[in-house]
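J.: I am attaching a structure below and will ask some questions about it afterwards.
Nothing in this text is a laboratory measurement; each read-out follows from the coordinates by a stated rule. In this text, all values refer to a predicted model and were calculated from it rather than measured experimentally. In this analysis, Cβ positions are derived from the backbone assuming ideal geometry, glycine residues included, and neighbour counts consider all displayed protein chains.
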Amino acid sequence: MRFALLAAPLAAALGCALPAKAQDRDWRLCTAGEAATIDDAVTACSRLLSAKTLKPADRAAILLSRGGIYLHLGQPDRAIADQNAALKIEPENVVALNRRGEAYGRKGEFERAFADYSEAVRLNPRYPLAFRNRARVHFYRGNFDAAAEDFRTAEEADPGNGYSLLWRYVAEARAGTVDRAGLYRGAALVREGWPKPLVLHFLGTVGEAEMLAAAAAGADAAEHACEARFFLGQKHILESATEAAIASLRQALAICHGQMVEARATRVELKRLGVATP
């Protein structure tokens, strides 16, 4: 990661074109993950957007990137504004539609999120991320059959993705179809690393303690621990162990940061179980 300049060049401040080298550097900071901090990335994106000579396609890409950063920062309104601007330039940009849907989802506006995900998959029927996101809206609504179908499509478009497999299995089981054979077949394709230990725990070949230890290892331990507790809650629900499910979901709520999918899903699930959440 590289350090970005804190002060914008005078030309950018005046709305003039940035020098080519400055544009190239800001482009890397904005879109290629080379900024030392998120604030540096946002600043670089904003500098680029101030240039009058920016091509429409480049402007859309920068808006898309900055909107994604705002989403990561937990600023959905700013994320929506940037995705709206990108979509004015490229109305069929499926990444912008998906990210705007995610931002609406963060605000609890699931109807709008669902509409954006649906448009994204209409435009690109092989876009697994939008299918997974739409499937979760179905899941939140309790439409487990529809959720399972979308998760299955995401899994087919991205074989080996353990998250699609886990969500699909849980959705099918919640709908009344426990597909252990499908879980075994899917598990054989799951890539090494997390969440494979979680998949294997659902299969019964990895114990809970070993799975939680795997979640706690590595740089993304906090996120993995959140996912582990959420899916443990789902496993307990499938086993009709309501009190254990509530305990696991409460643990998930305590450790999942607010921008994680599982944080929202945990709140929905606890509400379904009649448990109030902060």
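J.: Pairing the Cα long axis of helix 38-49 with the longest principal axis of the chain, what angle in degrees results, from 0 to 90 and rounded to the nearest 10?
T.: 50
J.: Further, regarding this structure: Cut-off under 29 Å on the C-alpha distance; same-chain residues fewer than 8 positions from Lys88 excluded. Which lysines are left, in chain and number order?
T.: Hits, sequence-local ones excluded: Lys21, Lys52, Lys55, Lys107.
J.: What is the spin-label model distance, in nm, from Asp39 to Ala216 if the labels are put 7 Å beyond Cα along the C-beta direction?
T.: So the two model labels end up 3.4 nm from each other.
J.: Let me ask something additional. So how strong a dipole does the chain carry about its Cα centre when Lys and Arg Cβ are +1 and Asp and Glu Cβ are -1, to the nearest 20 debye?
T.: On the way: 36 positive and 33 negative charges, 120 e Å.
Roughly 580 debye, rounded to the nearest 20.
J.: Which whole-Hz ³J(HN,Hα) couplings does the stretch 165-182 yield from phi under the Karplus relation 6.51 cos²θ - 1.76 cosθ + 1.60, θ = phi - 60°, glycine and proline marked x?
T.: Ordered by residue, 3J(HN,Hα) equals 4, 4, 4, 4, 4, 5, 4, 4, 5, 5, 7, x, 10, 8, 9, 5, 4, x Hz.
J.: Only counting other Cβ atoms within 10 Å, I'd like Glu109, Glu149 sorted with the fewest neighbours first.
T.: Values: Glu109 15, Glu149 19.
Arranged by neighbour count, lowest to highest, Glu109, Glu149 become Glu109, Glu149.
J.: What is the helix-to-structure angle for 261-272, meaning the angle in degrees between its Cα long axis and the longest Cα principal axis of the chain, kept from 0 to 90 and rounded to the nearest 10?
T.: It is inclined by approximately 40 degrees.
J.: Sticking with this structure for a sec: Please give the length that would be gained between Ala254 and Glu109 if that part of the chain were fully extended, namely 0.36 nm times their separation in residues minus their C-alpha to C-alpha distance (nm, one decimal). Display every interim value, and only then the final one.
T.: Numbers: separation 145, 0.36 × 145 = 52.20 nm, distance 2.34 nm.
Taking Ala254 through Glu109 to full extension adds about 49.9 nm, to one decimal.
J.: While we're here: With +1 assigned to the C-beta of every Lys and Arg and -1 to the C-beta of every Asp and Glu, and no other charges, what is the dipole magnitude of the stretch 16-168 about the Cα centre in debye, to the nearest 20? It would help to have the intermediate numbers written out before the result.
T.: Numbers: 23 positive and 21 negative charges, 66 e Å.
So the magnitude is around 320 debye.
J.: Under the rule of at least 5 residues apart or a separate chain, name every residue whose amide H is placed under 5 Å from the amide H of Ala35.
T.: So Ala35 has HN proximity to Arg2.
J.: Would you please give the FRET efficiency between Arg28 and Glu239, computed as 1/(1 + (r/R0)^6) with r the Cβ-Cβ distance and R0 = 45 Å, to the nearest 0.05? Write out the running numbers ahead of the final one.
T.: Details: r = 49 Å, r/R0 = 1.10.
My answer for the efficiency is 0.35.
J.: Specify the angular offset, from 0 to 90 degrees and rounded to the nearest 10, of the alpha carbon long axis of helix 56-72 from the longest principal axis of the alpha carbons in the chain.
T.: 50
J.: Output the peptides 180-192, 214-226, 155-167 sorted from most to least packed, where packing is the average of other Cβ atoms within 10 Å over each peptide's residues. Please report the intermediate quantities before stating the final value.
T.: Working: 180-192: 13.5, 214-226: 15.8, 155-167: 21.0.
Top to bottom by mean Cβ count within 10 Å: 155-167, 214-226, 180-192.
J.: Once phi is turned into ³J(HN,Hα) by the Karplus curve 6.51 cos²θ - 1.76 cosθ + 1.60 with θ = phi - 60°, what whole-Hz value does each residue of the stretch 131-142 show in order, with x for glycine and proline?
T.: Rounded to whole hertz, the list is 5, 4, 5, 5, 4, 5, 4, 4, 4, 4, 7, x.
J.: Which length gain, in nm to one decimal place, applies between Lys52 and Arg141 when the Cα-Cα distance is subtracted from 0.36 nm times their residue separation?
T.: Contour length minus Cα-Cα distance gives 27.5 nm.
J.: With only Lys, Arg, Asp and Glu charged, each at its Cβ (+1 for the first two, -1 for the last two), find how big the charge dipole of the stretch 95-218 is about the Cα centre; round to the nearest 20 debye. Could you put the intermediate results ahead of the total?
T.: On the way: 18 positive and 16 negative charges, 56 e Å.
It works out to roughly 260 debye.
J.: In whole Hz and in residue order, list the ³J(HN,Hα) couplings for the stretch 186-200 that follow from phi through the Karplus curve 6.51 cos²θ - 1.76 cosθ + 1.60, θ = phi - 60°; x for Gly and Pro.
T.: These are the phi-based 3J(HN,Hα) values: x, 4, 5, 9, 5, 5, 5, x, 5, x, 4, x, 5, 4, 5 Hz.
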